[in-house]
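A short write-up of the structure that comes next.
Read-outs: derived from the displayed coordinates by stated rules, not from any lab. For clarity, every value in this text was computed on a predicted model and none was experimentally measured. Using ideal geometry, Cβ is built from the backbone for each residue, glycine included, and neighbour counts are taken over all protein chains shown.
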Amino acid sequence: MARRILVIGGANTDIIGLPDSSLLPHDSNPGHVRMGHGGVGRNIAENLARLGVDVNLVTAVGDDASGLALIEACEAAGISTSGSLVVPGASSSSYLAIMDAEHDLEVAINDMRVLEHLTPQYLDRVATKLGDPALVVFDTNLPQVTLEHGSTLWPGARKLLDPVSAPKAVKAAGILGRLDVLKANELEASVLAGVSMHTQEGLNRGIDVLLDAGIREVFISMGERGVYCADSTDRFAVSAPHVAIANTTGAGDAFAAGIAYATLEGMGLRDAAEFASAVAGITLVTERTVSQALTAEAAHLQAGRRAQ
């Protein structure tokens with residue numbers, strides 16, 4: 001089987017505001033603002049490239065300065081963008097986030113309209129050129145019709161979904177039976193399962209729904225309570241990384257990349273969860289959306305320490 005991962009999803013310019021102290025609503029807050037490259041799909045792809053994976057990102061950007069910079073940065077990070085689309089005259093995606101005093105997300109606005117150009121017809125055109133990956137990762141920044149069509153392509157590949165957010169998770173309701181792996185938070189998983197998963201009873205009922213739909217492995221992030229993991233034979237929680245948090249933006253994408261890597265490597269459910277949590281932990285201690293310190297060796301080392 002091929003040793004390549006295909007990621008289909010969003011890429012954007014991140015604008016992140018970090019306040020110096022508690023946020024004061026309806027006023028200007030002292031702090032600092034940083035800009036960088038982001039997007040769930042792009043972040044997952046960069047994490048995979050840093051883990052040493054051969055990865056191809058399919059996304060759409062405008063032909064403006066930020067879009068061309070996104071493509072250039074992807075290639076510099078080791079991500080192939082041969083399947084990506086540059087849309088003449090379009091504005092590239094952007095993500096504006098305001099963090100709270102604990103560097104957790106307070107509110108965000110995203111403008112991902114350029115991704116409407118990623119149509120089912122476009123995926124059909126690039127599918128042959130992209131060959132046969134071992135794993136395809138989708139995020140729900142895609143148009144629903146494209147997500148649904150994409151899930152029918154590459155029949156020999158395993159498929160992983162990151163639902164991005166609860167409002168966008170509804171786009172994936174019709175493809176659960178085509179997924180092998182789901183990485184979601186409690187809200188996203190609740191939307192997909194149609195069951196509130198904020199209690200242990202609800203969590204187990206929701207997981208039953210997701211597994212019965214055909215998903216093989218489910219990873220549900222629960223913030224400080226860690227990640228709940230399940231397949232047809234086992235269910236358990238793994239603890240959240242115990243690190244000094246610099247920024248939570250990107251940690252979920254790092255976890256998804258860790259699961260994708262573990263799937264490619266054939267790890268079992270618990271080893272995959274520990275490895276992905278280690279990748280997220282390495283990300284949490286940096287203000288960057290993707291840690292420049294991330295390597296497969298570093299993540300394996302951290303995962304080994306977690307398992308002790």
Computed FRET efficiency, Cβ-Cβ of F236 and E287, R0 45 Å: what is it to the nearest 0.05?
-> 0.90
Could you check the simple spin-label distance between V243 and A173, using points 7 Å along Cα→Cβ, in nm with one decimal?
-> 3.6 nm
The residues S277, S94, S84, sorted from fewest to most surrounding Cβ atoms within 10 Å, come out as S94, S84, S277
From a point 7 Å beyond the Cα of M35 in the direction of its Cβ, which residues of the stretch 93-127 have a backbone N at a distance under 15 Å?
-> 93-97
Sorted by packing (mean other beta-carbon atoms within 10 Å per residue), highest first, where do 95-103, 174-182 land?
-> 174-182, 95-103
Give, rounded to the nearest 20 debye, the magnitude of the charge dipole that the chain has about its Cα centre when Lys and Arg contribute +1 at Cβ and Asp and Glu contribute -1 at Cβ.
-> 700 debye
In a GNM of the chain with a 10 Å cut-off on Cα contacts, which of A257, A230, A73 has the highest mean-square fluctuation?
-> A73
Once the in-chain neighbours fewer than 8 apart are removed, the lysines whose Cα is under 16 Å from K159 read K171, K183
Measure off 7 Å from each Cα along the Cα-to-Cβ vector at D100 and A298, then give the distance between these two points in nanometres to one decimal.
-> 2.8 nm
Placing +1 at every Lys and Arg Cβ and -1 at every Asp and Glu Cβ, with all other atoms neutral, what dipole size does the stretch 17-88 have around its Cα centre, in debye to the nearest 20?
-> 160 debye
Sort the following peptides by mean Cβ neighbour count (other Cβ atoms within 10 Å, averaged over residues), highest first: 292-302, 7-17.
-> 7-17, 292-302
Take every Cα pair under 8 Å in the chain that's 6+ residues apart, average their separations, divide by the length, and report that relative contact order as a whole percent.
-> 16 percent
Before rounding to the nearest 500, sum -39500 (n - 2.57) across all DSSP H runs of length at least 4 in the chain and divide by the residue total; then give [θ] at 222 nm in deg cm²/dmol.
-> -10500 deg cm²/dmol
Segment D212-D27, extension gain: residue separation times 0.36 nm, minus the distance between their alpha carbons | 61.7 nm
Those trypsin sites (Lys or Arg not before Pro) in the stretch 1-45 that DSSP places in a loop and that have at most 12 other beta carbons within 10 Å = R3
